[in-house]
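Here the structure is laid out as structure tokens; the discussion comes afterwards.
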Amino acid sequence: MPETTPIARRQRKERLGRVISNKMAKTIVVEVERRYSHAKYKKVVTAHARFYAHDEQGQARAGDLVLIHETRPLSKLKRWRLSRIVERSRETAAAAAAAA
């Protein structure tokens, strides 16, 4: 039987953004900010994009800074998965400290 070599996957996109909603089951809405120079006027423009991401454990809270990566389509709108929480929001950290 011939040895099978692992299929090389392409590099998956990653985005760093802020959670703006976690009100759905296992889903978060992440807003990603992108800054670029306008082609004609050279002014720095800030564009925002919202991504629906899968959060299996439900650990991300509104205001958290998170890293998401591209994945296969999980639903009509979800094509991203939560990689890790980079930074907790101040409200979330304060609430966790008060509860402990």
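Across the chain, the mean sequence separation of Cα contacts (distance under 8 Å, 6 or more residues apart), normalised by length, yields a relative contact order of 25 percent.
Scan the chain and hand back the longest stretch that contains none of the GluC sites (Glu not before Pro) lying in DSSP loops with at most 14 other Cβ atoms within 10 Å.
On the way: sites that count: Glu3, Glu56.
The reported range is 4-55.
For Gly63, the amide hydrogen comes within under 5 Å of the amide hydrogens of Val19, Ile20, counting only partners 5 or more places away or on other chains and with H modelled in the peptide plane. Rounded to 0.05, the FRET efficiency of the Ala49 and Lys26 pair, given R0 = 25 Å and the Cβ-Cβ distance, is 0.75. Of the residues Arg90, Arg79, Arg18, the one that moves most in a GNM of the chain with alpha-carbon contacts below 10 Å is Arg90.
Relative contact order of region 57-100: 40 percent, from C-alpha pairs under 8 Å at least 6 residues apart in sequence. Distance between the modelled labels on Glu14 and His38, one decimal in nanometres: 3.3 nm (7 Å Cα→Cβ projection). The shape of region 14-99 comes out oblate: with a ≥ b ≥ c from the C-alpha gyration tensor, a/c is at least 1.5 while a/b does not beat b/c. With 24 Å as the limit, the listed pairs Lys13/Lys43; Lys40/Lys78; Lys13/Lys78; Lys13/Lys76; Lys13/Lys40 have Lys13/Lys43; Lys40/Lys78; Lys13/Lys40 beyond it between alpha carbons.
None of the figures in this text is laboratory data; all of them are computed from the coordinates on show. Everything numeric in this text was worked out from a predicted model, so none of it was measured. Neighbour counts are summed over all protein chains in view; Cβ atoms, including those assigned to glycine, are modelled from backbone coordinates with ideal geometry.
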